[in-house]
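The values are calculated or read from the model by the stated rules, or taken from the named source; none is laboratory data. No experiment lies behind these values; they were computed from the predicted model shown. Backbone-built Cβ (ideal geometry, glycine too); neighbour counts: all protein chains shown. What goes into the accessible areas is simple: the full protein's heavy atoms, side chains included, and nothing from ligands, DNA or RNA. Shrake-Rupley method; radii C 1.70, N 1.55, O 1.52, S 1.80 Å.
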Amino acid sequence: MAPPPAGLVLVALLALVLALALAPAPARGDKPARGGASSSIAAVFPLYGDVYPHGLYYVAMNIGNPPKPYFLDVDSGSDLTWLQCDAPCRSCNEVPHPLYRPTKSKLVPCVHRLCASLHNGLTGKHRCDSPHEQCDYVIKYADQGSSTGVLINDSFALRLTNGSVARPSVAFGCGYDQQVRSGDLSSPTDGVLGLGTGSVSLLSQLKQRGVTKNVVGHCLSLRGGGFLFFGDDLVPYQRATWTPMARSAFRNYYSPGSASLYFGDRSLGVRLAKVVFDSGSSFTYFAAKPYQALVTALKDGLSRTLEEEPDTSLPLCWKGQEPFKSVLDVRKEFKSLVLNFASGKKTLMEIPPENYLIVTENGNACLGILNGSEIGLKDLSIIGDITMQDHMVIYDNEKGKIGWIRAPCDRAPKFGSSSSSALL
């Protein structure tokens, strides 16, 4: 998960938290889950947040018994779901809800296969000195932050599209020591929802327990909010653009492999060698050469009505003759980008200006594609939230492919056998 730039440090806004409606907790009279993962069943959740100014999309999940709500940052770029918790807490941020409090009976032993999967994914090494030892971990992030914790088990309450409720017990992290950048003393979320491809991810565990298929998708609205789903009930298989996953290349990331870059209908003569989709990254990051080629093309193609303007939000911004009110005001001044993925056939992702620009509070238009080499990504390129807005993006681990299709992400999906057609 790539961090937001320094100008977009996240803060917990009390007014925002109070205004957001929580997903309802299941009642005692709810029907038990049925059907199993072989059926076309999904669990659907509303999303909150935006790319700018808040810098993330998050979901409210009900965890524990009785279930309590927690806000989790939706992150397809990591495996482990974790909460800040009182175990006791050694160093925690201010979070929207009371800290989760585990009990010793919830601890996952070090010898458990999920502990081995977690350790191998983080460090490539797994060692247990005693069969009774707990499963400790340390997660390090690209912004030099970290989370230290212990793996535990507890139930997640999931309302399914067939009207039933599942309460599977799944393993997740209890983070009791958070080391963050200076000034990041509060957080708009209680933790992270890890949706990567590893065995310890929530998605893989739901598949293992027969709740949903190993398919996850999200629809991030340009206007803020959207929805997240587990399972394949909402997937428009016939109409979406699909490309095979190249998952063997980069840990447990969702990767379509490499792509060539076009500006309008003109090739920029560069390739993005390693591309990953990461909903935990607010912005998109290109490797150094593609980034420089894009910036040169943008500057060469701009009209004289736009001038470069310093802005604390992002490195490269422009002002118009009057302040812009939204990205829709400025998109006519810019061309669309196109990624052509090398999947053996023509697989294109069009990126219109509203999927790579933001308009700041100062009324400037800023480039939401950043130089990944400046944060140590080297030749890795990340497709972040800004580029995935107003698309349904699907990670189908059952069939080993990634799909996307333009969709009205601020419309709630309708459940049933025709869900995907009703949505799109």
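Taking the stated definitions as given, is residue 409 assigned to a loop (DSSP other than H, G, I, E, B), at pLDDT 95 or above, on the phi < 0 side of the Ramachandran plot and open to solvent by less than 10 Å² (accessible area, probe 1.4 Å)?
For residue 409, the condition - assigned to a loop (DSSP other than H, G, I, E, B), at pLDDT 95 or above, on the phi < 0 side of the Ramachandran plot and open to solvent by less than 10 Å² (accessible area, probe 1.4 Å) - is met.
Has segment 388-396 got any residue that is among the polar types (S, T, N, Q), over 16 Å from the mean Cα position of the chain (by Cα) and crowded, with 18+ Cβ neighbours inside 10 Å?
no
Counting only residues that are without any contact (Cβ under 8 Å) to a residue 60 or more places away in the chain and polar (S, T, N, Q), which one in segment 321-340 is surrounded by the most Cβ atoms within 10 Å (Cβ to Cβ)?
So, considering only residues that are without any contact (Cβ under 8 Å) to a residue 60 or more places away in the chain and polar (S, T, N, Q), the one surrounded by the most Cβ atoms within 10 Å (Cβ to Cβ) is 326.
Mind listing whichever residues of segment 323-355 are modelled with pLDDT of 95 or more, out of contact with any helix residue (DSSP H, G or I) (no Cβ under 8 Å at 6 or more places or on another chain) and among the acidic types (Asp, Glu)?
Scanning segment 323-355 gives a single hit, 350.
With the checklist (1) part of a loop (DSSP other than H, G, I, E, B); (2) modelled with pLDDT of 95 or more; (3) not aromatic (Phe, Trp, Tyr) in hand, flag the one item residue 26 doesn't pass.
Of (1) part of a loop (DSSP other than H, G, I, E, B); (2) modelled with pLDDT of 95 or more; (3) not aromatic (Phe, Trp, Tyr), only one is false for residue 26: (2).
The rows are residues; the columns are (1) more than 26 Å from residue 332 (Cα to Cα); (2) β-branched (Val, Ile, Thr).
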{"site": "228", "(1), (2)": "yes, no"}
{"site": "243", "(1), (2)": "yes, yes"}
{"site": "253", "(1), (2)": "yes, no"}
{"site": "268", "(1), (2)": "no, no"}
{"site": "275", "(1), (2)": "yes, yes"}
{"site": "278", "(1), (2)": "yes, no"}
{"site": "285", "(1), (2)": "no, no"}
{"site": "294", "(1), (2)": "no, no"}
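Just to be sure I understand the filter: pairs with C-beta atoms under 9 Å, separated by 6 or more residues or on different chains, first member in segment 361-375 and in the same structural domain as residue 285 (by the TED database), second member surrounded by fewer than 16 Cβ atoms within 10 Å (Cβ to Cβ) and among the polar types (S, T, N, Q). Which pairs pass?
As it stands, the answer is 362/312; 371/292, since those pairs meet every condition given.
Residue check, residue 253 against (1) over 14 Å from the mean Cα position of the chain (by Cα); (2) at pLDDT below 95, all met but one. Which one?
(1)
Taking segment 103-129, which residues are without any contact (Cβ under 8 Å) to a residue 12 or more places away in the chain and among the aliphatic types (A, V, I, L, M)?
Matches in segment 103-129: 116 only.
If you check 204, 199, 255, 279, which single one turns out to be on the phi < 0 side of the Ramachandran plot and in a strand (DSSP E or B)?
Residue meeting the stated conditions: 255.
What number of residues in segment 208-219 are over 16 Å from residue 240 (Cβ atoms) and open to solvent by less than 10 Å² (accessible area, probe 1.4 Å)?
1
Residue check: is residue 205 open to solvent by less than 10 Å² (accessible area, probe 1.4 Å), assigned by the TED database to the domain that holds residue 54, over 17 Å from the mean Cα position of the chain (by Cα) and among the polar types (S, T, N, Q)?
yes
Please find, among 315, 323, the residue that is under 30 Å from residue 140 (Cα atoms) and not in a strand (DSSP E or B).
315
Would you point out the residue of segment 220-252, among those that are assigned to a strand (DSSP E or B) and open to solvent by less than 10 Å² (accessible area, probe 1.4 Å), that is farthest from residue 50 (Cα to Cα)?
243
The conditions are (1) in the same structural domain as residue 357 (by the TED database); (2) crowded, with 24+ Cβ neighbours inside 10 Å, and residue 260 fails exactly one of them. Which is it?
Here residue 260 clears every test but (2).
Yes or no: residue 399 assigned to a loop (DSSP other than H, G, I, E, B), of a type in the set (Lys, Arg) and either surrounded by fewer than 23 Cβ atoms within 10 Å (Cβ to Cβ) or under 18 Å from the mean Cα position of the chain (by Cα) (or both)?
So residue 399 passes the test.
Test each condition in (1) touching an Asp or Glu at 6+ places or on another chain (Cβ under 8 Å); (2) crowded, with 16+ Cβ neighbours inside 10 Å; (3) in a loop (DSSP other than H, G, I, E, B) for residue 305 and report the one that comes out false.
Here residue 305 clears every test but (2).
Determine whether segment 281-292 contains at least one residue that is surrounded by fewer than 23 Cβ atoms within 10 Å (Cβ to Cβ) and within 30 Å of residue 40 (Cβ to Cβ).
So far as segment 281-292 goes, no, none of its residues is surrounded by fewer than 23 Cβ atoms within 10 Å (Cβ to Cβ) and within 30 Å of residue 40 (Cβ to Cβ).
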